[in-house]
Amino acid sequence: AGAGAGALLGWIKGGLARRLRSDFFAVATLAFGLLIRQVIINLEITGGMGGIGGIPAPQIFGMGLASQLQKYYLVLFVIVLASWLSHRIISSRTGREWIALSEDELAALSAGVNVNRSRTNALIISSALAGMAGVLYASTLSYVDPDLVAFHVSSMILTMVILGGAGSVSGALVGAMTIIFYDKVFVPQLANWLAIIW
């Protein structure tokens, strides 16, 4: 359901931003994220700024995954599956169309690539994967709030992709691990060191 909801939002965004190109498309993506955040804040079903708590632990075939180790293996399995799927897509004709679009949209258009369809397909698939990740995140933490879709989160995800190399699945994983290590381990440790020194 989470992947389906993400795919639906990706399809809607693809329709709204159909005529936008390059930088304008990136700005529209960020704006769409901010719009979704405002909708989440103002809907009663989402709990507004308070968010939703008490989300049950993930279940597989009725078996609850309550321990942190079980949740870790579930997330690891989904990451491996999503990475394998991404590699398969990139190696396919669809993936080659996406690579051509990212390199030179005009050249891809002249080679017969349907730009609007390819871009919309990319948005649908990436949004479905993001929806699936969101479900795992929510069920692992048992809590979600609008800050999870704030601008700084989008900026951090974009930094992960750029750091690892856009268009590279393994690079995106390395970029994500680097930024998470920096944010969750290095910065707090640096703060402790500075507190000791001062």
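Here are the numbers for the structure shown:
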item	result
Vicinal HN-Hα couplings computed from phi for region 28-34 (Karplus, 6.51 cos²θ - 1.76 cosθ + 1.60; Hz; Gly/Pro x)	5, 5, 5, 5, 4, x, 5
Equivalent ellipsoid, region 94-198 (semi-axes from 5 times Cα gyration tensor eigenvalues, Å)	35, 18, 11
For the chain: relative contact order, % (alpha-carbon pairs under 8 angstrom, 6 or more apart)	35 percent
Convex hull (Cα only) mean projected area of region 90-141, reported in nm² to one decimal	4.1 nm²
Nitroxide proxy distance, nm - points 7 Å out along Cα→Cβ at residue 180 and residue 27	3.3 nm
For the chain, built as a Gaussian network whose Cα springs stay under 10 Å, the top-fluctuating residue of 171, 62, 131	62
Under Karplus coefficients 6.51, -1.76 and 1.60, residue-wise ³J(HN,Hα) of region 43-49 in Hz, glycine/proline x	8, 6, 5, 8, x, x, 5
Residues whose placed amide H lies under 5 Å from that of residue 143, excluding near-sequence neighbours	55
More than 12 Å apart - percent of Cα-Cα pairs taken over region 15-72	76 percent
Solvent-accessible heavy-atom area per residue, rounded to whole Å², over region 4-63 at 1.4 Å	71 Å²
Carbon + sulfur, % of accessible area of region 1-69 - ligands and nucleic acids excluded, 1.4 Å	70 percent
Principal-axis tilt of helix 151-164 within the chain, Cα atoms, nearest 10 degrees	70 degrees
Region 149-190 - percent of accessible surface contributed by carbon and sulfur, probe 1.4 Å	78 percent
Given charges at beta-carbon only (K, R positive; D, E negative), |dipole| of the chain in Debye	420 debye
If the convex hull is drawn through the Cα atoms of the chain, its volume per residue in Å³	159 Å³
Between helix 68-91 and the chain: long-axis angle, C-alpha atoms, 0 to 90°, nearest 10	10 degrees
Helix-only CD estimate at 222 nm, as mean residue ellipticity for the chain, using -39500 (n - 2.57) per DSSP H run (n ≥ 4)	-23500 deg cm²/dmol
Backbone HN-Hα couplings from phi across region 118-125 [Karplus 6.51/-1.76/1.60, Hz, Gly and Pro as x]	5, 5, 5, 4, 4, 5, 5, 5
For residue 11, net neighbour charge (Lys/Arg +1, Asp/Glu -1) across residues whose Cβ lies under 15 Å away	+4
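The values are calculated or read from the model by the stated rules, or taken from the named source; none is laboratory data. Small disclaimer: the values here were computed from a predicted structure and weren't measured. Ideal geometry is used to build each Cβ from the backbone, glycine not excepted, and the neighbour counts take in all protein chains shown. Accessible surface areas use protein heavy atoms only, side chains included; no ligands, DNA or RNA. Shrake-Rupley method; radii C 1.70, N 1.55, O 1.52, S 1.80 Å.
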